[in-house]
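Asks: Supplied in structure tokens, the structure appears directly below.
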Amino acid sequence: MSSGKVLQPVLKMKVDELFLCWLSQPATQLALKDSLKRIKNEEKTQLGNADSGNTKNEMLTSKKSNSEQCLLGGSRLPLTFSPSQVSTTLPLATPSSSRNTSNVRATHRSSGTRVVQTKKEETLPPALSQNIPAFYFPRGCPKEKVNIDAVIAKIERTFSDFPNERATLEDMGKVAKACECPLYWKGPLFYCAGGERTGYVSVHKFVAMWRKILQTCYDDAAKFVHLLMNPGCNYLVQEDFIPFIQDVVNSHPGLSFLKEASEFHSRYITTVIQRIFYTVNRSWSGKITCNELRKSNFLQNVALLEEEADINQLTDYFSYEHFYVIYCKFWELDTDHDLFIDRKDLARHNDHAISNRMIERIFSGAVTRGRNAQKDGKISYADFVWFLISEEDKKTPTSIEYWFRCMDLDGDGALSMYELEYFYEEQCQILENMAIEPLPFEDCLCQMLDLVKPQHEGKITLHDLKRCKMTNVFFDTFFNIEKYLDHEQKDQFSMLRDGDGESQEVSDWERYAAEEYDILVAEEAASDQWNDRYEAELNPVDHQKANVLKYQMQKGPFFEKPSLLANVDLDDYDSEEDFE
């Protein structure tokens, strides 16, 4: 059948169906049996006499009535009859005169006509679909008519101030303001217009690019994704953020001390990218969509880069102090400094606080994606960023999902009592080695069930843990012995007070990063004498670089030169799997 042909009901098939329906009725069977008896008795009937006409009309009317009931769904004549119904229902279907029979026939015809007409009306013409208002706006909802010509004219006036109407990367700050964008969109605007190939952007090329964006993207999230994404994509991967963050490193006043130490740029960039995906990419797909960007506070933080000169105040993504803490922690574990750590290295974190069974789960691939590293039994620095943030703040949605994946051994989406006992067994062994009597698993299980209050008996789901305000206590009980003992020493009221997320102004991660940074600074202050001797042996160029970084980068291992920016270690996030 051709695609353009309109479907029409086949009347013959419907009539046959109704006839079989009528023929199967008990009343019809009785009438047929009576007629057969007459034929056997050789009773002759005349087509013109009244009795024969009544019998014929009776059969016809019964057929029509049953057909009408089957077609219109009436309740006067049911499809099945009990013996008691036959005597009461059959007379109602028998007409008293030929005049009534014609009325029934006319009614049946009109009913059939209505049904066919209804079938035809179900196929709506294409023009009617235009009356349905649009309700899905992947590139933002157009709230009002934007005067694109006025915006383009403002951009052209800005370009007229540049030599040959060409803007360099340093000039793009003024262009970003003419586009009514935050200042640090200047890098994405420059690169999207092809500025990295020639070192400048002409007014004609930029206007053509920005006009297209204004015509197709209606909010900041859609515009930002369009500026950074690869052609043909509608999402952002990790590599898309590198030029943008590199421009922040090169131009933000809070990172001016880092500008000359290019060998440290890649570590900072990798850390910021991992924190962006940790917070924004709620689907765990490795691809940030416009919708995820809208639901996050990332673009608000990008706008704050212009207003906040102290980069450390932007604690969600860009804080240099947070990067310093993460990288120092990783450097202590990475003894061979190849930017990969194995199970033994990670087990030394925080004086062997994490259980071995949990370490095995982390390296199993439950929360990591680097296939090449997993083959060698190692995880990268990017994976360590996720681990450390999740370890120190177990109340965020991502950290809850992180540890839930590790504890869900069979991947069925729920933590069974067997899985809880599996992790708690090692905790008991560690406590016994410390000469501490462990709490029996049955008692511990009762406490945890009272804490989480799962909706279904015998299993704890991810939704149950996200409703709980003390997930840190739950997770620490099963795989972090040091924090478990800290919770045991606290009184119940202080734990409830700490678990009240509404009154908590500073997150657990921010508190940890601030404390660790102070400790690192104090350690460096205590080793000033050693640093002075080390700097005296440097050549003048290295000595100048050391002075530039002295305020925040006096940690000895930082002078071990890592790979350059071209070798930024970003995990393979091409997986299409959705871990939700």
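Asks: With unit charges on the beta carbons (Lys and Arg positive, Asp and Glu negative) and the dipole taken about the Cα centre of region 148-318, which residue among 289, 258, 184 sits farthest to the positive side?
Replies: The listed residue farthest towards the positive side: 289.
Asks: Report, in debye and to the nearest 20, how large the dipole of region 148-318 comes out about its Cα centre when Lys and Arg carry +1 and Asp and Glu carry -1 on their Cβ.
Replies: Here the size comes out at about 500 debye.
Asks: Let me ask something else about it. How large is ³J(HN,Hα), in whole Hz, for each residue of region 14-26 in order, when computed from phi with the Karplus curve 6.51 cos²θ - 1.76 cosθ + 1.60 and θ = phi - 60°, using x for Gly and Pro?
Replies: Karplus values, whole Hz, x for Gly and Pro: 5, 5, 4, 5, 5, 5, 5, 4, 5, 5, 7, 6, x.
Asks: Sticking with this structure for a sec: Compute the projected area of the convex hull of the Cα atoms of region 148-318, averaged over all viewing directions, and report it in nm² to one decimal place. Walk me through the numbers before you get to the answer.
Replies: Numbers: hull surface 39.8 nm².
Over every viewing direction, the Cα hull of region 148-318 projects on average to 9.9 nm².
Asks: Next question. Based on the Kirkwood radius over alpha-carbon pairs, what value in µm²/s does the Stokes-Einstein equation return for the translational diffusion coefficient of region 322-489 at 25 °C and 0.890 mPa s?
Replies: Stokes-Einstein gives a translational diffusion coefficient of 148 µm²/s.
Asks: Would you work out what percent of the accessible area of region 322-489, with all protein chains in place, is carbon or sulfur (probe 1.4 Å)?
Replies: After summing per-atom areas, the C and S share lands at 48 percent.
Asks: Before I look further, what does region 148-318 give for accessible area per residue, probe 1.4 Å, in whole square angstrom?
Replies: Per residue, region 148-318 has 40 Å² of solvent-accessible surface.
Asks: Please give the net charge around residue 248, taking every other residue with its beta carbon less than 15 angstrom from that of residue 248, where Lys and Arg add +1 and Asp and Glu add -1.
Replies: On the way: positive: 186, 259, 267, 275; negative: 170, 240, 247, 306, 307, 308, 310, 316.
Counting the neighbours of residue 248, the net charge comes to -4.
Asks: Tell me, what HN-Hα J-couplings in whole Hz come from the Karplus equation 6.51 cos²θ - 1.76 cosθ + 1.60 at θ = phi - 60° for each residue of region 406-418, using x for Gly and Pro?
Replies: Residue by residue, region 406-418 yields 5, 7, 7, 5, 9, x, 8, x, 8, 9, 7, 5, 5 Hz.
Asks: Also, quick follow-up: Could you give each residue of region 223-231 its phi-based ³J(HN,Hα) in whole Hz, using Karplus coefficients 6.51, -1.76, 1.60 with θ = phi - 60°, and x for Gly or Pro?
Replies: 5, 5, 5, 5, 5, 9, 6, 6, x
Asks: What pairs in 223/295; 344/466; 223/394 have C-alpha atoms more than 25 Å from each other?
Replies: 344/466; 223/394, as the Cα separations exceed 25 Å there.
Asks: With a 1.4 Å probe and every protein chain left in place, work out the accessible area per residue of region 322-489 in Å², rounded to a whole number.
Replies: Per residue, region 322-489 has an accessible area of 43 Å².
Asks: Give me the base-10 log of I(q)/I(0) for region 275-329 at each q in 0.18, 0.22, 0.25 Å⁻¹, Debye formula, one uniform scatterer per Cα, rounded to two decimals.
Replies: -0.67, -0.87, -0.98
Asks: Heavy atoms only, probe 1.4 Å: what % of the accessible area of region 167-231 goes to carbon and sulfur, would you let me know?
Replies: Here it works out to 52 percent.
Asks: Now for a separate question. Could you compute the FRET efficiency for residue 505 and residue 352, with r as their C-beta to C-beta distance and R0 at 51 Å, rounded to 0.05?
Replies: Values: r = 32 Å, r/R0 = 0.63.
The calculated FRET efficiency here is 0.95.
Asks: Using 0.36 nm per residue, how much length does the chain from residue 441 to residue 336 gain when fully extended, once their Cα-Cα distance is taken away? Before the final figure, lay out the partial values.
Replies: Numbers: separation 105, 0.36 × 105 = 37.80 nm, distance 4.00 nm.
The span from residue 441 to residue 336 would gain 33.8 nm if fully extended.
Asks: Separation of region 147-212 and region 411-438 by C-alpha centroid, Å?
Replies: Their Cα centres are 59 Å away from one another.
The values are calculated or read from the model by the stated rules, or taken from the named source; none is laboratory data. As the structure is a prediction and not an experimental result, all values here were calculated from the model. Virtual Cβ from ideal backbone geometry, glycine too; neighbours counted across all protein chains shown. Calculation scope for accessible area: heavy atoms of the full protein, side chains included, ligands and nucleic acids excluded. Shrake-Rupley method; radii C 1.70, N 1.55, O 1.52, S 1.80 Å.
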